[in-house]
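Only one structure is covered here, and it is reproduced in the block below.
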Amino acid sequence: MKHAETESFRKSFLVFFIALSLLSALVFWFEYSQKRHALEEAVFNEMKVCSFDLKCQQFTFDFAPLHTATLYMLNQDETGYYALFSIPSSKYALKLHLSQERFDIMLHQTRNTLLQAFLITLFFLGVISALFSLYTLHPLRKALRLTEEFSRDILHDFNTPLSSLRLNVSLLNVSPSEAKKIQRIERSIETMISLGNNLRSYLEGHPLQKESIDLHTLLKERIANIQKLYPTISFMLDDADLSINANHDAIVRILDNLLSNAAKYNKENGSVWIYINSQAKTLHIDDNGKGIEHPDRIFDRFYKEHDRGLGIGLHIVKKLCDELKIPIHVKSVLHQGARFTLDLHALTFH
């Protein structure tokens with residue numbers, strides 16, 4: 001199941017299961033109270049019988065001052081249960097006492113039986129809650145599938161004219177004075193293709209197939225592509241290298257989004273520095289651009305601090321990093337720049 005489906009299933013299951021469990025707990029507590037009261041009545045009846053012949057071993061005998069208000073009824077104190085019965089022509093009453101320990105032993109079997117029944121009930125309630133949650137999830141899953149299929153169809157139709165535009169623009173013969181216009185058209189096409197790739201990543205995710213990737217070589221390729229879109233931004237890549245084992249398309253999406261963001265929200269003639277720390281197995285992408293006002297929110301879906309963009313690029317980065325088990329951290333100073341750090345330990349060869 002997808003993340004939205006899993007979250008919906010989990011929440012509906014918890015709500016239904018907790019509600020039924022609380023209701024069942026109340027029912028069992030009422031049943032336990034009834035059983036306890038019935039046991040107390042049985043104890044008192046045994047005391048009444050015992051008060052006539054004193055042929056009982058579970059009770060202790062004593063004499064107490066006669067108080068008519070407490071005669072012929074079961075009383076409880078810190079030591080257990082007792083009852084007072086009058087003695088003819090006496091100022092004292094016969095006191096029969098049952099210790100709390102003996103009463104608890106008598107109640108123990110009832111309590112265990114009810115507890116076992118309650119646990120079995122909880123198990124069946126869990127099964128019922130899961131089935132109910134799956135049933136209620138069906139319309140949501142159907143709606144998500146329809147939305148995704150519609151989006152994929154749009155993406156497919158979207159790519160056809162873009163590919164045609166890219167091909168025809170590359171075949172145009174224009175004067176040097178018109179070259180900049182063509183470059184702007186090409187950058188716009190590449191931006192639209194990048195947005196389409198982001199949407200496809202968001203909808204479909206990436207397969208689990210992994211391959212060995214030379215990170216330095218891949219970075220050079222991606223920087224060359226991004227450089228075409230942002231010719232005024234300087235990209236500087238160090239000479240360190242690192243081999244990782246990951247899904248190629250997922251890594252490309254992560255790098256493209258981070259590099260394009262570092263350029264897009266940079267200042268005029270700004271710079272982007274890319275460092276690979278082979279020993280620490282980390283990748284750092286620094287820029288001296290506008291900085292981030294709320295670094296803790298930048299991975300939220302549709303969150304953006306500027307008018308440009310859709311607010312899904314970094315959300316996709318975080319989603320893919322989570323899938324690949326890549327911890328990602330960001331530090332930023334407003335108006336001075338930002339640093340993104342990827343911990344690639346999980347992708348390196350051990």
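The values are calculated or read from the model by the stated rules, or taken from the named source; none is laboratory data. These figures come from a predicted structure and were not determined experimentally. No Cβ is skipped: glycine too gets one built from the backbone with ideal geometry, and neighbour counts run over all protein chains shown.
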Residue among 42, 64 that alone is free of Cβ contacts under 8 Å to residues at least 60 places away in the same chain and under 14 Å from residue 103 (Cα atoms): 42
Selection from the range 212-243 of residues that are loosely packed, with under 15 Cβ neighbours inside 10 Å and of a type in the set (Lys, Arg): 220, 228
Hey, does the range 24-45 have a residue that's over 54 Å from the mean Cα position of the chain (by Cα), surrounded by 14 or more Cβ atoms within 10 Å (Cβ to Cβ), over 30 Å from residue 126 (Cβ atoms) and at pLDDT 90 or above? yes
Only one of (1) surrounded by 13 or more Cβ atoms within 10 Å (Cβ to Cβ); (2) among the charged types (D, E, K, R); (3) more than 22 Å from residue 39 (Cβ to Cβ) does not apply to residue 91, and that is (1)
Which condition number does residue 226 fail, the rest of (1) touching a Ser or Thr at 6+ places or on another chain (Cβ under 7 Å); (2) at pLDDT below 70; (3) among the hydrophobic types (A, V, I, L, M, F, W, C) being met? (2)
Matching option when the condition is touching a residue at least 40 places away in the same chain (Cβ under 8 Å), more than 21 Å from residue 105 (Cβ to Cβ) and either assigned by TED's automatic domain parsing to the domain that holds residue 128 or assigned to a helix (DSSP H, G or I) (or both), among 19, 25: 25
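Report yes if residue 61 is under 16 Å from residue 84 (Cα atoms), exposed (fewer than 14 other Cβ atoms within 10 Å of the Cβ) and not polar (S, T, N, Q), otherwise no.
For residue 61, the condition - under 16 Å from residue 84 (Cα atoms), exposed (fewer than 14 other Cβ atoms within 10 Å of the Cβ) and not polar (S, T, N, Q) - is met.
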Kindly indicate which of 246, 280, 262 is more than 26 Å from the chain's Cα centre (by Cα) and surrounded by 14 or more Cβ atoms within 10 Å (Cβ to Cβ). 262
Please list, ordered by first then second residue, the pairs with beta carbon atoms under 6 Å, 6 or more apart or interchain, first in the range 230-255 and more than 17 Å from residue 210 (Cα to Cα), second at pLDDT 85 or above and of a type in the set (Ser, Thr, Tyr). 234/271; 238/275; 240/278
